[in-house]
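A short reminder: the numbers here are calculations on the coordinates, not readings from a lab. All values derive from a computational prediction rather than experimental measurement. So basically every Cβ, Gly included, is an ideal-geometry build from the backbone, and we count neighbours across all protein chains shown.
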Amino acid sequence: MEMKKRINMELRNRAPEEVTELVLDNCLCVNGEIEGLNDTFKELEFLSMANVELSSLAQLPSLNKLRKLELSDNIISGGLEVLAEKCPNLTYLNLSGNKIKDLSTVEALMEMKMMEMKKKMKLVHLKDMRKKRKKRRRRKKMKQGQNWEREKKKSASLT
């Protein structure tokens, strides 16, 4: 069965915007490209295209909510940089059984992971900075209060 037909079958009278999981395993993609999958699948969080003879991810639409992507047992040998652009929230990726020959092919994925780590570090850094500011303000107020108390005692002892 071709990928387009399989997608229509998997929709089961639902709109593409409602679908969160899509399993297209063992269907056929023509010319090694993704067909029938488009930007209307806005809520898609899990996509499985195992053993579909996929060789390219160039036709992958933007799937901002996609977290898990199963691409095992295909003939993908490169072009993984598309994932960083089209699937920014990806946390799980299975590429086992593909034609990837060396680690340089996967470098784009490492950059994606580094970007995610930088985002997390930046958030943590901002939270820490906010906490430090609050502590400084509290200390400053306490110090001002202590100084005020001293001045009050001094003026009381002079009179």
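A few points about this structure:
- Using C-alpha pairs below 8 Å separated by at least 6 residues, the relative contact order for the chain is 15 percent.
- Shape class for the chain: prolate, because the ratio a/c of the largest to smallest gyration tensor axis (alpha-carbon atoms, square roots of eigenvalues) is 1.5 or more and a/b beats b/c.
- The chain - mean residue ellipticity at 222 nm from DSSP helices (-39,500 (n - 2.57) per run, n ≥ 4, rounded to 500): -14500 deg cm²/dmol
- Taking packing as the residue-averaged number of other Cβ atoms within 10 angstrom, the listed peptides 76-83, 46-53 run from highest to lowest as 46-53, 76-83.
- Cα centroid separation, the range 4-48 to the range 61-100 (Å): 15 Å
- Pairs spanning more than 20 Å between alpha-carbon atoms, out of 42/68; 68/101; 132/152: 68/101; 132/152.
- Length-normalised contact order for the range 1-53 - Cα pairs under 8 Å, 6+ apart - percent: 46 percent
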